[in-house]
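Written below as structure tokens is the structure these notes are about.
The values are calculated or read from the model by the stated rules, or taken from the named source; none is laboratory data. Because the structure is a prediction, the values reported are computed rather than measured. Heads up, the Cβs are rebuilt from the backbone with ideal geometry, glycines too, and the neighbour counts pull from every protein chain shown. SASA here: full protein model, heavy atoms, side chains in, ligands and nucleic acids out. Shrake-Rupley method; radii C 1.70, N 1.55, O 1.52, S 1.80 Å.
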Amino acid sequence: MAEKLSHEQWVEALLEATKGFGGDIPPVQRAEQLRGLIKTGLLKFTDLRDNPERFFEAHRILLSPGINALGGEGMSVAFTVSFNLWAGSILGLGGPSQVAALDDMQKAGTLGCFCLTEKYAGVNSGLVVQTTATWIPERQQFLLDTPNDGAKKNWISQGLTATSAVVIANLIVNGKSHGPHGFVMKIRDNETGDLVQGVTMEDMGLKTCANDLDNAAVSFKDVYVDRSALLNRYADIQDDKYVQTTETKMRLEVIGQRLLTGRLAIAEASVEFARRIFERARKYADDKICWAPKGLPQPRLSEIPHIAAIFAEADAKLDALASYNAKVESRLCTLLRETAIPDADLVECIAVSKVKSVWTAIDLTDKLKRELGSYSLMAESGMQSIPWLLCCSFAEGDGRILLQKIARDSMKSFKKSTWKETGKEIIFGSSPEQQEMKLRFQLSRVLSSATSPADAARLWNENYELVYALADAVCDRHVAEAIGEDRILSKL
Ligand SMILES: Cc1cc2nc3c(=O)[nH]c(=O)nc-3n(C[C@H](O)[C@H](O)[C@H](O)COP(=O)(O)OP(=O)(O)OC[C@H]3O[C@@H](n4cnc5c(N)ncnc54)[C@H](O)[C@@H]3O)c2cc1C
């Protein structure tokens, strides 16, 4: 049905289908609303492959809580977890029959959750996976196990309401570890809601926002799942042996595909959210006349110099980021259609989208909130949903971890051989390019005194300000190059 609609009709139908969603409602009610939206088929679980532009647009339209259609902060998270992390992982990692099953699950309004994060691993989840899935030949099944408290999956969105889960676990076959792999499994009975044997869940507790979303800590004890649970596009078990089924080897980057699509969707939604907050505030500030001493014209609130400056900064930065994100989206959509893996440059560009979009949205909305007086307290401003941006900041790759990687990669291409220690001061120009070079040079000089890898890590940490300044400069350069403008993210 969705395919037959014009773009305008599709947007209208999506808004109609989500009318009345959101607010401070219990997670079970929110889950029911999401099930209804899934069943409409307006966004298909398979659109991430077949119509990726629609997948991203739905995120832009629906995500901004309190401002756009989905209303509640938690609903926004649950929406992207369902369509991107859960369904998207099955789509990207699953074999043909697993992918085909998505159609029936869509018709049934199946809710899924995505279990990656582990308590001990925190923001390094994926890199560190202690949950195990051991192949047991006698049973022709996998045994899922949480070996210790730190290996518990935590923060799992929709864990308390979903009936299906994609679980990332370290696959062990014949005593050999093959690293993290994805498994899809039923976790709860559709009718009774009872958890399957051996899966336990704890509520993560009350949050400062997004309490319409349930978050769970999940553990597995003596949980057996069939061979068909292994998402087997890239790897499978044949004759009790681990086999690679494609030329592409299963590795972290392959699992990480969904984090990349989610990263970009969240980046775009954050920019859209900030734009809507500013649009509303602008209307208010344009209409509000302020007092002025006798003889002087009465300014509008939006003309007070520091407030005018915030609006100008927001216009420039949010426009730049929206254009940048659109360019990155277009590159990514081409690959999604082919189910191909992005190269290192695109991965970095997506990281830049995520970090800069979310943090710029946080900075700008925070500045605005502090300066617009009583308006900021009014529900109509939408500012009560600003904490939602914090969820965006942690989700799909932590900002600090992404910046660390950007800085490390920048230093890899800057070998010591490119400069010689002469004892003389090296003069750098004031252009952004020269300043970026200066940061790499300074960091390179500091690191060159390392006596061991551990010492290099210590020096890296001690010089974190240089590290993040370099990463910021790289981000700013990517945005400027892509949209053909000066570097503005750090200038204004
Ligand atoms: C609302 C919500 C929903 C979520 N939903 C899901 C889900 O559905 N599925 C899922 O798998 N996960 C989910 N997560 C987990 C999320 O993706 C993060 O992995 C998790 O929040 C990390 O949490 P932490 O506080 O334990 O991180 P920590 O590891 O404690 O890190 C906290 C902060 O410390 C800093 N930090 C830590 N280590 C480093 C380092 N090495 N270098 C630099 N800085 C560092 C960073 O600033 C980081 O933000 C969700 C999280 C939230 C809050």
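Tabulated results
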{"read-out": "Residue in the stretch 99-116 that is over 13 Å from Arg35 (Cα atoms) and among the polar types (S, T, N, Q) present", "value": "no"}
{"read-out": "Candidates Glu303, Glu313, Glu268, filtered to the one that is under 27 Å from the mean Cα position of the chain (by Cα), farther than 30 Å from Val166 by Cβ and not aromatic (Phe, Trp, Tyr)", "value": "Glu313"}
{"read-out": "Tally of residues being part of a helix (DSSP H, G or I) and at pLDDT 95 or above across the stretch 94-138", "value": "12"}
{"read-out": "Residues that are part of a helix (DSSP H, G or I) and of a type in the set (S, T, N, Q), drawn from the stretch 292-312", "value": "Ser302"}
{"read-out": "Failed item, numbered, when Gly88 is tested on (1) under 30 Å from Thr365 (Cβ atoms); (2) away from the ligand (no atom under 16 Å from the Cβ); (3) touching a residue at least 60 places away in the same chain (Cβ under 8 Å)", "value": "(2)"}
{"read-out": "Filter pass, Leu42 being open to solvent by less than 10 Å² (accessible area, probe 1.4 Å), over 27 Å from His181 (Cα atoms), in contact with a Phe, Trp or Tyr (Cβ under 8 Å, 6 or more places away or on another chain) and at pLDDT 95 or above", "value": "yes"}
{"read-out": "Top-ranked residue in the stretch 112-125 [being touching a strand residue (DSSP E or B) at 6+ places or on another chain (Cβ under 7 Å) and open to solvent by less than 40 Å² (accessible area, probe 1.4 Å); ranked as farthest from Ala31 (Cα to Cα)]", "value": "Ala121"}
{"read-out": "Extreme residue, nearest to the ligand (Cβ to nearest atom), among residues of the stretch 69-79 that are touching a residue at least 60 places away in the same chain (Cβ under 8 Å) and open to solvent by 10 Å² or more (accessible area, probe 1.4 Å)", "value": "Val77"}
{"read-out": "The stretch 151-168: number of residues that are within 10 Å of the ligand (Cβ to nearest atom) and more than 10 Å from Ile187 (Cα to Cα)", "value": "8"}
{"read-out": "Residue count for the stretch 369-402, restricted to those that are farther than 19 Å from Arg258 by Cα, within 16 Å of the ligand (Cβ to nearest atom), in a helix (DSSP H, G or I) and open to solvent by less than 80 Å² (accessible area, probe 1.4 Å)", "value": "3"}
{"read-out": "Elements of type strands (runs of 3 or more DSSP E) in the stretch 145-236, at least 3 residues being surrounded by fewer than 22 Cβ atoms within 10 Å (Cβ to Cβ)", "value": "164-173, 176-186, 199-203, 223-226"}
